[in-house]
Amino acid sequence: MEIIRISVVGIAGVLLAVLLKQVRPEYALYLALTAGLIILYYSSEKLNGLFGDLREIQKMLPLNTTYLQILMKMLGITYVGQFCAGICRDSGYASVAGQIETFGKLAVLAVSMPALKALLETIHDFLGLV
């Protein structure tokens, strides 16, 4: 179970950073950042598997790839934004973290707008509204 491995890496990184913060506070941030990057690496491996599964589904079914691409962009924006905001918040820059999260929300909204417009056009055509 990989979740146990990832949880141990996270908890060990945090505990070591807390202990190191008392002696060398500048290194505590680097240690926490390293633990986060290790977790990000394992997460990216899971995303590669997910992309492979989506490609197989796309080969089996005639799906419009535009909507899958929009979904993957939204997933990427939220994941990277949350990761970076967490680093900023841990470093003591909560205001910057909030700004990153706000930008991430706006970016997701901007990326999803074509899908929303297509959905509204479909509903409009289906209902026969003028």
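The values are calculated or read from the model by the stated rules, or taken from the named source; none is laboratory data. Being a predicted model, the structure only gives us computed values, none of them experimental. Cβ coordinates were reconstructed from backbone atoms using ideal geometry, including for glycine residues, and neighbour counts include every protein chain displayed. Remember, those area values only see protein heavy atoms, side chains included, never the ligands or the DNA or RNA. Shrake-Rupley method; radii C 1.70, N 1.55, O 1.52, S 1.80 Å.
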Checklist entry - How big is the chain by Rg and Dmax over its Cα atoms, in Å? => result 20.1, 70
Checklist entry - Carbon and sulfur together cover what percent of the accessible area of the chain at a 1.4 Å probe radius? => result 70 percent
Checklist entry - Calculated from DSSP H runs of 4 or more alone, at -39500 (n - 2.57) each and per residue, what is the 222 nm mean residue ellipticity of the chain, nearest 500? => result -32500 deg cm²/dmol
Checklist entry - When only C-alpha pairs under 8 Å and at least 6 residues apart count, what is the relative contact order of the chain, in percent? => result 17 percent
Item to check | Charge dipole (debye, nearest 20) of the chain; +1 at Cβ of Lys and Arg, -1 at Cβ of Asp and Glu | outcome: 220 debye
Item to check | the chain, accessible area per residue, ligands and nucleic acids excluded (1.4 Å, Å²) | outcome: 75 Å²
